Amino acid sequence: MKETCSKVFHDLGSSIVKKCWAGVSDCGGTERKAIGLSNLLVHECVDHKLNTAVKKALKKSDAVFKIIARMRKIANSVHKSNVVHDAYIRQQGATELKQDVVTRWNSTLHMLLSFLRNKPYVVSVVAQAAHLKTTLDVKLDQLQLSVEDWNIIEEAALILKPIAMVSDLLEGDSYVTTSLIYVTLNPLVERLGEMKPHLNHAACQELCQAVCDELGTAFDEVQEHSVLATLLDPRTKKFLFKDAEHKEWASDFAHGQLLIMFPPPQGNADEKGPVVVVERKQPEPEEAKRNALERMKTFKLDDLYADAVGAPQPATSDKAAHEASLKKELQLYLAEPPINMRTPDKKYADPLVWWKVHQSKFPRVAELARKQLAMPATSASAERLFSKAGLVLSKLRNKVEPEMFECMVLGAVNRDLLATKETV
């Protein structure tokens, strides 16, 4: 993989740094090193961290983990044995049982929900298992779930469902997601903590606490650019910063990023940008007396205001003036009232539309916002691309040329754009 990535980066040349400044990693060492070859910022996929935290939490709750293991065996039996499958599917109303997959996000929740939807059919087929002639190694009739087990399954699904909802939200590839990371994860942990005492089963309370602990550990290290994206999203800029110190830190980081994007003009001043005081030539005593008398003869109150406004000020260096200008523009943006998260038609508001309208007012902050908000929160879009590529490169197409394969995948991914009224 290292050699492949090195070749790709070499072929792209310096243009990759101009077009791409960050790469989303699945938290694995191989991908992180591959992205590091191009000196890009490594952004860890939020979905991978969420689902890894859930898996670790499930292992901590022994009772729930054992119930899920039995459910997995039941689903596997229904899928693998024609006899068991026929006995299950013959029941009117029975739908397919989902089975969790290690590499598929939120698949454990989907399995729990499918069992709850098909509860009477699962109970029935497991009860019949002793009379079914199968070649399975598993004794299905010994996997029957008790009433308490079903109650635990229901509460476990209640714990995992909001996590899946946040995961699905952050997987989007047609809207801004990075700015939503902290404004969804922090309230999520708080809600789970509030729910814990009201759960009926100790096993589920244990699971809920484990989930909160694992999420806290997974997202303990603050990702600066995710916080920056939150600050530069007009919907979320007020949500995250509950105290002045945190807000000041984020504002200073944003100011630093602006200085990187828009470096100060090169002048004769040194790096520190010292203050240059312009000395005024002092008039002779007699001349000063004459000038003062002349001024008093035509005295008006407006002269006092003019003196106050026009008083000589120290002249700062170009660098200091440039930094002050960037900071002022950023502060003016932060002083703008936030926009609602949803539009009147209940759709999520698009921060990029807001920035398009206000880019003339905050031109440099707008450019930084477009850069930061373009970074996805997860690698879901790439995962979907791999799935589509796997469907395109089937057994009947295993000898297709690489160039043709690339065109076919491109067409499959963008078929909605290609299917217009003129062309189908």
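Take Ala335 and tell me if it is surrounded by 13 or more Cβ atoms within 10 Å (Cβ to Cβ), of a type in the set (Gly, Ala, Ser) and out of contact with any Cys (no Cβ under 7 Å at 6 or more places or on another chain). Talk me through it step by step, then tell me what you get.
Values: surrounded by 13 or more Cβ atoms within 10 Å (Cβ to Cβ): no; of a type in the set (Gly, Ala, Ser): yes; out of contact with any Cys (no Cβ under 7 Å at 6 or more places or on another chain): yes.
No: the conditions fail for Ala335.
Hey, can you tell me all the residues within region 341-360 that are within 22 Å of Lys371 (Cα to Cα) and either touching a strand residue (DSSP E or B) at 6+ places or on another chain (Cβ under 8 Å) or not in a helix (DSSP H, G or I) (or both)? If the condition is that a residue be within 22 Å of Lys371 (Cα to Cα) and either touching a strand residue (DSSP E or B) at 6+ places or on another chain (Cβ under 8 Å) or not in a helix (DSSP H, G or I) (or both), then Met341, Tyr348, Ala349, Asp350, Gln359, Ser360 are the ones that fit. Of all residues in region 403-415, none satisfies being of a type in the set (Asp, Glu), surrounded by 17 or more Cβ atoms within 10 Å (Cβ to Cβ) and without any contact (Cβ under 8 Å) to a residue 40 or more places away in the chain.
Looking at Ile67, Ile152, Ile74, can you tell me which residue is in contact with a Cys (Cβ under 7 Å, 6 or more places away or on another chain) and buried (at least 20 other Cβ atoms within 10 Å of the Cβ)? Result: Ile152 is the single residue among Ile67, Ile152, Ile74 that is in contact with a Cys (Cβ under 7 Å, 6 or more places away or on another chain) and buried (at least 20 other Cβ atoms within 10 Å of the Cβ). Set side by side, the residues Leu188, Leu145 differ, and just one is in a helix (DSSP H, G or I), at pLDDT 90 or above and surrounded by 17 or more Cβ atoms within 10 Å (Cβ to Cβ), which is Leu188.
Which of the residues spanning region 148-185 are among the β-branched types (Val, Ile, Thr), over 23 Å from Met71 (Cα atoms) and in a helix (DSSP H, G or I)? Even if it seems obvious, please write down each step before you answer.
Here is the first cut: in region 148-185, the ones among the β-branched types (Val, Ile, Thr) are 152-153, 159, 163, 166, 176-178, 181, 183-184.
Next cut, over 23 Å from Met71 (Cα atoms) only: 166, 176-178, 181, 183-184.
Result: Val166, Thr178, Ile181, Val183, Thr184.
Name the single residue that is surrounded by the fewest Cβ atoms within 10 Å (Cβ to Cβ) among those in region 191-239 being part of a loop (DSSP other than H, G, I, E, B), in contact (Cβ under 8 Å) with a residue 12 or more places away in the chain and not charged (D, E, K, R). First the steps, then the outcome.
Residues of region 191-239 part of a loop (DSSP other than H, G, I, E, B): 199-201, 219-223, 233-239.
If we keep only those that are in contact (Cβ under 8 Å) with a residue 12 or more places away in the chain as well, we get 199-201, 219, 223, 233-239.
Subset that is not charged (D, E, K, R): 199-201, 219, 223, 234, 236, 239.
On the way: Leu199: 19, Asn200: 12, His201: 16, Phe219: 20, Gln223: 17, Pro234: 21, Thr236: 23, Phe239: 18.
Filtering region 191-239 for residues that are part of a loop (DSSP other than H, G, I, E, B), in contact (Cβ under 8 Å) with a residue 12 or more places away in the chain and not charged (D, E, K, R), the one surrounded by the fewest Cβ atoms within 10 Å (Cβ to Cβ) comes out as Asn200.
Quick check, is Ala157 surrounded by 13 or more Cβ atoms within 10 Å (Cβ to Cβ), modelled with pLDDT under 85 and over 30 Å from Lys371 (Cα atoms)? Considered against the rule, which asks whether it is surrounded by 13 or more Cβ atoms within 10 Å (Cβ to Cβ), modelled with pLDDT under 85 and over 30 Å from Lys371 (Cα atoms), Ala157 comes out as no.
Looking only at residues that are farther than 18 Å from Leu169 by Cβ and not polar (S, T, N, Q) in region 99-112, which one is surrounded by the most Cβ atoms within 10 Å (Cβ to Cβ)?
Quick first cut of region 99-112, residues farther than 18 Å from Leu169 by Cβ only: 99-103, 108, 111-112.
Retained after the next criterion (residues that are not polar (S, T, N, Q)): 100-102, 111-112.
Numbers: Asp100: 18, Val101: 11, Val102: 8, Met111: 22, Leu112: 25.
Per the criteria, the residue is Leu112.
Does region 334-346 include one or more residues that are polar (S, T, N, Q), within 21 Å of Leu180 (Cβ to Cβ) and free of Cβ contacts under 8 Å to residues at least 24 places away in the same chain? Even if it seems obvious, please write down each step before you answer.
Narrowing region 334-346 to residues polar (S, T, N, Q): 340, 343.
From the residues that got through so far, the ones that are within 21 Å of Leu180 (Cβ to Cβ) too are 340, 343.
Then keep just the ones that are free of Cβ contacts under 8 Å to residues at least 24 places away in the same chain; that gives 343.
Looking for residues that are polar (S, T, N, Q), within 21 Å of Leu180 (Cβ to Cβ) and free of Cβ contacts under 8 Å to residues at least 24 places away in the same chain, one finds at least one in region 334-346, hence yes.
The values are calculated or read from the model by the stated rules, or taken from the named source; none is laboratory data. The model shown is predicted, which means the values in this text are computed figures rather than measured ones. Glycine gets a Cβ as well: all are built from the backbone with ideal geometry, and neighbour counts include every protein chain shown.
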